[in-house]
1. I'd like the full set of residues that are within 47 Å of the chain's Cα centre (by Cα) and open to solvent by 10 Å² or more (accessible area, probe 1.4 Å), limited to the range 378-389.
2. Taking the range 179-212 as the search range and keeping residues that are open to solvent by less than 30 Å² (accessible area, probe 1.4 Å) and of a type in the set (Phe, Trp, Tyr), which one is farthest from the chain's Cα centre (by Cα)?
3. Cβ-Cβ under 9 Å, sequence separation 6+ or interchain: first residue in the range 405-418 and crowded, with 24+ Cβ neighbours inside 10 Å, partner in a loop (DSSP other than H, G, I, E, B) and hydrophobic (A, V, I, L, M, F, W, C). Which pairs?
4. Kindly list the number of the only condition in (1) open to solvent by 30 Å² or more (accessible area, probe 1.4 Å); (2) touching a Pro at 6+ places or on another chain (Cβ under 8 Å) that fails for residue 176.
5. May I ask you to say which residue of 402, 329, 395 is under 46 Å from the mean Cα position of the chain (by Cα), more than 30 Å from residue 446 (Cα to Cα) and of a type outside the set (D, E, K, R)?
6. Considering the range 411-443 alone, what residues qualify as being hydrophobic (A, V, I, L, M, F, W, C) and within 21 Å of residue 385 (Cβ to Cβ)?
7. One residue is enough: does the range 375-387 have a residue meeting the conditions outside any helix (DSSP H, G or I) and of a type outside the set (S, T, N, Q)?
8. Within the range 85-110, which residues are surrounded by fewer than 23 Cβ atoms within 10 Å (Cβ to Cβ) and small (Gly, Ala, Ser)?
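The values are calculated or read from the model by the stated rules, or taken from the named source; none is laboratory data. Note that the structure is a prediction, hence the values are computed from the model and not measured. Because the Cβ atoms are built from the backbone with ideal geometry, glycine has one as well, and the counts that use them run over all protein chains shown. The accessibility values were calculated without ligands, DNA or RNA, using every heavy atom of the protein model including side chains. Shrake-Rupley method; radii C 1.70, N 1.55, O 1.52, S 1.80 Å.
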Amino acid sequence: MITSLQTKHKNNITLFSLLSISAFLLLWLTPLNNNHYALSLYPIIATFTGALYIQIGSFMIMNYLSYRKNKHLLPLACAFHSSGILLFIALYIYFAHSVPKSIIFNDIAILHTLRTTLTTGLFIVALYLYKKEKNQQKYQKVIVCSVFLWCILHLVVAVLYSTNTLPLSLQLIDPVTFEWLFPWHGLVICFFISLWVGIVYFILSLTQLKNQFWLSMSLVALSNLLIFTTLFKYSYMNSAGWYLARGVECLSSMAVMTVLMSDIFHRFKASRQAYELSYENSVRDPMTRLFNRGFFYNSLSHEIKSIHPQKPLSIIFCDIDHFKSVNDTWGHLQGDRVIIKLAELMVNLVRERDIVARIGGEEFAILLPDCDSESAQNIAERMRKQIEQATPATTNGDFPRTITVSLGIVSSVDCAVAAEQLADWADRALYMAKNQGRNQAVVFPHALMSQSTV
């Protein structure tokens, strides 16, 4: 198990490394395009990416609510939620402000800077919380509150700026040439590149990319690194580099959404498998894996409702003859082997739809839907002979001596009969077989059915 996990970690790291090398080689080898473009495609890209970010944040919040110890999910969820909101604020500026194109370019650049500082800070906090989760860091609540304040601060500044309430005069691009101005295109971009290099390093070292979630977060960090590298390569905001950076952002958000949806599917699948396993364990005998007493009687009550003269129902009660002598002579472990082998033989001798159950220590019951008395007697007799003919050699020592069984059979075509009544008749037929010398199958007489009561 440990080896398989280590292999999975190595595969994730190898995949990430190959993607990183390929992406940077592609960026490096792509010829520089000095053409200038309008922002006509920006609303489409911003709407798509913003909606994805808000969905990703919502999935992370739901993930956190299902397992509150994962405190690192909160800053990541806030990062995606806030990024989505800031993108929609940028759309508001794009459509609502009747100002020169240069001002719109600059406003969008400012909101991009706010998104960058917000996301970078929250990723750093998420990694810190992930590292300290096992140590129950006492300042975690303070850090979580600081995360919310950090998000609120950026969102308030963005809202006030977009509504012209905040007199912020910050020029990031040249209003005539749309060229990125210093220090943004020099020091600031290099600073963010160094931060995201560190984030990528710590994601790899702290998480070892042990699951798909951290693989997707590493891709987000890589995409941010590519975005800033692209912006550094292209000097103009209205160049192909801006759209290339937005395209990388879209692809990374789609990758995260795909991983989150895959995680939900795997959780659902695991939950379903756990439920099925739990249900199986609740209706099965733990030693023989036959159905248990409760399941047998529930199934009997259900099958009785559908019986009629053309669709009779039969049940067989079976008990091992002189089973106590097996335990006394060879011990209880050998007795368990006898019961397990007997259960295996019984299952192999009935139809697929029949239900074989262990209802007591060495007592078994068989439910035979759509089976008349004669067919049930044939099944019981075939079962009795097969068990009697089994030897220690043919059973690999599971039977230490010849084992015989007594069987009681009852059939009915009356859908009004109670399950307890049928079980009582089968039990009485079993005792008739015992009293008549054992190692035989006895059918409960129909004449006695009308006279019997539970």
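1. If the condition is that a residue be within 47 Å of the chain's Cα centre (by Cα) and open to solvent by 10 Å² or more (accessible area, probe 1.4 Å), then 379, 382, 384, 386 are the ones that fit.
2. 180
3. Qualifying pairs under 9 Å: 408/444; 409/444; 410/444; 411/371; 411/444.
4. For residue 176, the exception is condition (2).
5. 395
6. Passing the criteria: 426, 429, 430, 432, 433, 441, 442, 443.
7. Among the residues of the range 375-387, not one is outside any helix (DSSP H, G or I) and of a type outside the set (S, T, N, Q), which makes the answer no.
8. If the condition is that a residue be surrounded by fewer than 23 Cβ atoms within 10 Å (Cβ to Cβ) and small (Gly, Ala, Ser), then 96, 98, 102, 109 are the ones that fit.
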